[in-house]
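What follows is a single structure, written as structure tokens, with notes after it.
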Amino acid sequence: MTDLLESLNPVQREAVQHTEGPLLILSVAGSGKTRVITHRIAYLIRHHGVSPLDILAVTFTNKAAEEMKTRLENLIGEKSQLLWASTFHSSCARILRREIHHLDYDRSFSIYDTTDQQTVIKELIKTLQLSLNSPGAALSEISRAKSDFVSPEEYVKRAEGFFEASVAQIYPMYQDLLRQNNALDFDDLIKLTVELFAANPSVLEYYQDKFRYILVDEYQDTNRGQYLLVHALAQKHQNICVVGDDDQSIYSFRGADINNILDFEKDYPKTKVLHLEKNYRSPQNILDAANAVISNNQKRKEKELISFNKKIEGNPVTCYKADDERDEADYVVQQIRGWRAHGVKYGACVIFYRINAQSRSFEDALRDANIPYQIVGGIRFYDRMEVKDIMAYMRMIVNPADTVSIKRVINVPRRGIGVATVQKIEDFAYDEGIPLFEAIQRVGEVSTLNNGAKNKVRAFAKLIASFHPDDPPTRTAEDLLDRTDYLRVLRSEGTIEAQSREENLREFISAVAEYEESETEPTLAGFLEKITLSSDIDSMEDKSDLVTMMTLHSAKGLEFGITFMVGMEQGLLPHQRSFNSKAELEEERRLCYVGLTRGQSQAYLTHARQRRLFRDIDSCFPSHFIGEITEDLLEHGSTDRLPKTRPVIDNIRRQSPDLLEPPNASLRDIEYIPPRLRDQEVFHEAPRRSVVSTYDPDEPDFEDDVSFPYDVGDVVFHAKFGRGKVTAIDGRGFDMRITVRFERGSEKTLAAAYARLQRVG
């Protein structure tokens, strides 16, 4: 066991060797908690002879689960394939695929993602004729109710005010529709598993004996359903190890309950508590700033961030006071360009903001400076229209009861089956008390349809019936693109947009093929389940030369060489919603703490004297979180200089040498776009290949030529505004501006160099 333990510090080693009974590991940011979890599992298997089949390890993202599996494979080899190491949702989906018949569901159930859920909610709002403008808000409210195990009936009784009264009408019908479609949403996966265990003691006992050892990562993020799930599974053997940090509990809006970790010792009186306080990520000055902020919270367990090597030199946290949001963005870009000139790749830099609306000024500044970037949380690849269409076909093949998927593609691509035809088939299904797809198969009995409409519906039914859920996923995906005529129709459009969609579908086929190659028993249902359960962070591009932009809520679990926390103002961070709630204010402070502890080498805090977030320009005041950091830990930023470069570069080299250019590399000089173009209306359609949206000026389609051959009268296509006709041209080269009257009725003046207009006639 020496080789397994020798790389651990004394507290980590104690955590690994404590194998029996409940264990609470309070793990501060950057303290190597994943190493502890994986080494503990390996120790159980190699030293105590525990079967991998007896171990359950759960976390919150597929990325974290995959990292855990990779490390375990390095430690214990092929045995790692036998244990369950997955997310809460994936674990529950796996249990329900086997056991859901106990709850009168079919095992072929679909899992609806957020887009599918909103489709259902929108239909219900329309059916109920509710004047509710935000389906997303209604969906969030239903999700909160489910997480708290509030049934539709209970919610109806509790509802107060207009919004809750509207949700009280939607919630029962929403749940009924899911049931009719043999579908579950994310909250159902947890909720139904808990209900399954409560209603079937023999099933619960089977899984209690199966999982004699349970490990839970990020325990501070668990909600009530996840807490009940873990609590039920651990009751018999009590061999439960949870790892987390109450100071990083930032997801109460998703139902996470900080009390789950704070009260763990009450739930398990024989708990051993260990503190992992040694941070392997940041120099002590950044940690001191984080400690100074978080120590002001009262609802927390005492702990302190300590650098593993206090001799590592670090700079004070840089604080910059900007005139406005544009000056703030320009300062951040100047600093990034300065680090780039010293050989630090763009991928070492991240911009954190509290709300998505803050990203706009930074996108503008990065584009002006020709700096490539990615936005985590942009349009998900699997949420693109064409990808969702093909996945809907796949879902129908696996689960013919999936009404949402049927209605999405019954006339995609167009096959002459209009809304009126679908409504008549739905009416027939309702009258007969049968699923929609069965009604489609029996379309000959629908007396309200003419023979032409019936024949088109029959052809659709025959097409779907020609596929089988057990066929190889890649072959099914390729056949769908061919036999539905989806690709042929796209190619016939002959537009840039259609070409982009075809490229996305090719990428989709690649994704299916990669899944098929990576699984021992790949299935169509398995692929759909994996994709539906993925998250934004799971798909973040690992591309070394992109600046990353994201909200602070997306930051946890990540690390970057140089961090910019922007908009550090009262009303933004802390958010104005927290001003009247002590609990919410403490969560905002935890959010600040999370942002500070992402930095490996250099941390920046920026704020502005005034800011235009929507229409109004408001005076701003620095966040009082900045005031909680003592002056000796801060230095004031300047537009004409960087902080000391050597400690930053040395720290990046120590942790992430791939984020530095080789010493003899010739660095490309990145020029700003001329300021005269800054205020012109320019739209860049950023290529989006995954969950992140990216802009990369080195992509082949970026226009480097200064010659833009347009004439008045040309018909052009614009990615945002569509087709239009050139009505006027002013200037030449980079100064050229083109006025276009678009078919949708608007007239725009665009900078030719950056508008990416495509001549189509």
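The table that follows gives values for the structure above.
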item: Matching residues in the stretch 218-259 - criterion: being under 20 Å from Tyr207 (Cα atoms), among the polar types (S, T, N, Q) and in contact with a Lys or Arg (Cβ under 9 Å, 6 or more places away or on another chain); result: Gln238, Asn239
item: Filter result (in contact (Cβ under 8 Å) with a residue 60 or more places away in the chain and either assigned to a helix (DSSP H, G or I) or in contact with a Cys (Cβ under 7 Å, 6 or more places away or on another chain) (or both)) within the stretch 26-43; result: Lys33, Thr34, Val36, Ile37, Arg40, Ile41
item: Failed condition for Asp185, given (1) touching a Cys at 6+ places or on another chain (Cβ under 7 Å); (2) within 30 Å of Glu438 (Cβ to Cβ); result: (1)
item: Filter result for Arg107 (loosely packed, with under 14 Cβ neighbours inside 10 Å and within 24 Å of Ala401 (Cα to Cα)); result: yes
item: Residue ID - surrounded by the fewest Cβ atoms within 10 Å (Cβ to Cβ), chosen from residues in the stretch 267-292 that are of a type in the set (Val, Ile, Thr) and more than 22 Å from Gly627 (Cβ to Cβ); result: Val273
item: Any chance Arg380 is under 25 Å from Leu178 (Cβ atoms), in contact with a Lys or Arg (Cβ under 9 Å, 6 or more places away or on another chain) and at pLDDT below 90; result: yes
item: Hey, Ile306 aliphatic (A, V, I, L, M) and touching a Gly at 6+ places or on another chain (Cβ under 8 Å) or not; result: no
item: Qualifying residues in the stretch 595-617 (those that are in contact with a strand residue (DSSP E or B) (Cβ under 6 Å, 6 or more places away or on another chain) and open to solvent by 60 Å² or more (accessible area, probe 1.4 Å)) - the one modelled with the lowest pLDDT; result: Ile617
item: Filter pass, Leu262 being in contact with an Asp or Glu (Cβ under 9 Å, 6 or more places away or on another chain), touching a residue at least 60 places away in the same chain (Cβ under 8 Å) and closer than 30 Å to Asp221 by Cα; result: no
item: Selection from the stretch 44-78 of residues that are in contact (Cβ under 8 Å) with a residue 60 or more places away in the chain, over 29 Å from the mean Cα position of the chain (by Cα) and not in a helix (DSSP H, G or I); result: Val50
item: Conditions (1) of a type outside the set (A, V, I, L, M); (2) open to solvent by less than 40 Å² (accessible area, probe 1.4 Å); (3) closer than 28 Å to Glu507 by Cβ; number of the one not met by Arg415; result: (2)
item: Qualifying residues in the stretch 306-315 (those that are closer than 30 Å to Val273 by Cα and in contact with a strand residue (DSSP E or B) (Cβ under 7 Å, 6 or more places away or on another chain)) - the one surrounded by the most Cβ atoms within 10 Å (Cβ to Cβ); result: Ser307
item: Any hit, the stretch 316-331, residues being closer than 23 Å to Gln655 by Cβ, open to solvent by less than 20 Å² (accessible area, probe 1.4 Å), modelled with pLDDT of 90 or more and of a type outside the set (Lys, Arg); result: yes
item: Residues satisfying the stated conditions in the stretch 155-178, i.e. under 26 Å from Ile434 (Cα atoms) and either in contact (Cβ under 8 Å) with a residue 24 or more places away in the chain or small (Gly, Ala, Ser) (or both); result: Gln169, Ile170, Tyr171, Met173, Tyr174, Leu177, Leu178
item: Selection count, the stretch 503-531, where residues are closer than 20 Å to Thr70 by Cα and acidic (Asp, Glu); result: 5
item: Any chance Lys303 is surrounded by fewer than 17 Cβ atoms within 10 Å (Cβ to Cβ) and either of a type in the set (Lys, Arg) or part of a loop (DSSP other than H, G, I, E, B) (or both); result: no
item: In the stretch 1-25, residue most open to solvent (accessible area, probe 1.4 Å) [restricted to those that are of a type in the set (Asp, Glu) and not in a helix (DSSP H, G or I)]; result: Glu6
item: In the stretch 507-562, residue modelled with the highest pLDDT [restricted to those that are open to solvent by 30 Å² or more (accessible area, probe 1.4 Å) and hydroxyl-bearing (Ser, Thr, Tyr)]; result: Thr523
item: Among (1) of a type in the set (A, V, I, L, M, F, W, C); (2) in a helix (DSSP H, G or I); (3) more than 27 Å from the chain's Cα centre (by Cα), the one test that Ala138 misses; result: (3)
item: Members of the stretch 112-129 that are among the acidic types (Asp, Glu) and farther than 12 Å from Phe186 by Cα; result: Glu123
item: Identity of the residue in the stretch 598-648, acidic (Asp, Glu) and in a strand (DSSP E or B), that ends up farthest from the chain's Cα centre (by Cα); result: Glu635
item: Condition check for Asp364: over 23 Å from Glu588 (Cα atoms), open to solvent by 30 Å² or more (accessible area, probe 1.4 Å) and modelled with pLDDT of 90 or more; result: no
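The values are calculated or read from the model by the stated rules, or taken from the named source; none is laboratory data. In this text the structure is predicted, and so the values were computed from the model without any measurement. Note that each Cβ is placed from the backbone with ideal geometry, even for glycine, and that neighbours are counted across all protein chains shown. Quick note on the areas: whole protein, heavy atoms, side chains included, nothing else; ligands and nucleic acids left out. Shrake-Rupley method; radii C 1.70, N 1.55, O 1.52, S 1.80 Å.
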